[in-house]
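Just below is one structure, and these are the notes that go with it.
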Amino acid sequence: MAGESGKRTEISQLGEFGLIDRIQQQFQLKNPTSVVGIGDDAAVIDTGTHFMLVTTDMLLEGVHFDLSYIPLGHLGYKAVAVNVSDIAAMNGLPRQITVNIGLSNRFSVEAVDALYEGIRFACENYKVDLVGGDTTSSASGLVISVTALGEVEKPRLVKRGGAQINDIVCVTGDLGGAYMGLQVLEREKAAFMENPVMQPQLKSYEYIVGRQLKPDARMDIIHELKELSLVPTSMIDVSDGLASELLHLATHSGVGFNIYEENIPLDQLTYHTAVEFKLNPVTCALNGGEDYELLFTISQQDFEKVKNHPDIHFIGYVQNKEKGIRLITKQQQSIPLKAQGWTHFNR
Ligand SMILES: [Mg+2]
């Protein structure tokens, strides 16, 4: 469809991030309570004593999930977890969610129950209340849209912009697992379609398949940072891949990064599965996405507080913007790191 001027530009020319920028430019914040608008992991609203955080995410069948391999309960849990992850990325605590669903007549009451059972598990795990939502019919598969509200003490708010030169770049957990889990699921699905007698072989891939089907937001890290009296200088969650998230932090903070390939955390199973699929394991970590780990920067003075943390990895440091975002390979070569970003609109 063309716009009102009759001109037509393909969305794929802009990409998802370009499209978001274009929308953002058309809306200026007018209310003094609107502290941060479009462009961070969550919006920030001044409520007087605290900042309120708001984030929303929509999952579409056939684009973000395939019901032939994700059970509805897992999907419900994941839809909440990915939103909680964006609240975590602002250093906040989740409090409430609303859930909108679009359903076709393909779904039974029992199927809806299964979806909400997963949502309920997530509400219990993250200590959030489901406070509303809308239910509508859908002509094209299942749609699930979750909005999460959270809060943060004002001095503890962390945005994408704020990384300072010489800060240390940290990432939690391990990366690339969710992407490799998806590759395994898609391979097994293809094998099943070809020969339905074949049962999917997932047992030995349990960890990475779990990373794809039931990711968890790293609220544990947010609580620990608070106990350590540590406020990161910038933070984002890893939803689209490490390279893409580094680019966001760099753009918002006006800095560059030096990232050491050998420090990028990979699980053994992710590594071996990538090799099995003839993929470069580090590329999977850089561009895979959906890990929902936290990527953040801390000042050098704070390093002591986390240097022995078993699940926080130090992958590089912040440098001058002019030096760009560079990956120092295991062979000590310095190469520019490019984000492949998201490809929703190119599929
Ligand atoms: Mg995010």
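Would you mind stating whether HIS252 is farther than 14 Å from VAL318 by Cβ and either more than 16 Å from the ligand (Cβ to nearest atom) or surrounded by 15 or more Cβ atoms within 10 Å (Cβ to Cβ) (or both)? So HIS252 does not fit the description; no.
Considering region 57-85, the residues that are within 16 Å of the ligand (Cβ to nearest atom), touching a strand residue (DSSP E or B) at 6+ places or on another chain (Cβ under 8 Å) and of a type in the set (A, V, I, L, M) include one that is nearest to ARG120 (Cα to Cα), namely VAL80. Residue count for region 165-197 under the criterion of being surrounded by 15 or more Cβ atoms within 10 Å (Cβ to Cβ) and assigned to a loop (DSSP other than H, G, I, E, B): the result is 5. Just one of (1) within 16 Å of the ligand (Cβ to nearest atom); (2) assigned to a helix (DSSP H, G or I) fails for VAL44. It is (2).
The single condition among (1) surrounded by fewer than 15 Cβ atoms within 10 Å (Cβ to Cβ); (2) assigned by TED's automatic domain parsing to the domain that holds GLN301; (3) hydrophobic (A, V, I, L, M, F, W, C); (4) touching a helix residue (DSSP H, G or I) at 6+ places or on another chain (Cβ under 9 Å) that ALA111 does not meet is (2). The conditions of being within 16 Å of the ligand (Cβ to nearest atom), in contact (Cβ under 8 Å) with a residue 60 or more places away in the chain, surrounded by fewer than 19 Cβ atoms within 10 Å (Cβ to Cβ) and not in a helix (DSSP H, G or I) are met by VAL54.
The values are calculated or read from the model by the stated rules, or taken from the named source; none is laboratory data. Remember, it's a predicted structure, so these values are computed and weren't measured experimentally. Cβ atoms come from the backbone with ideal geometry, glycine included; neighbour counts cover every protein chain shown.
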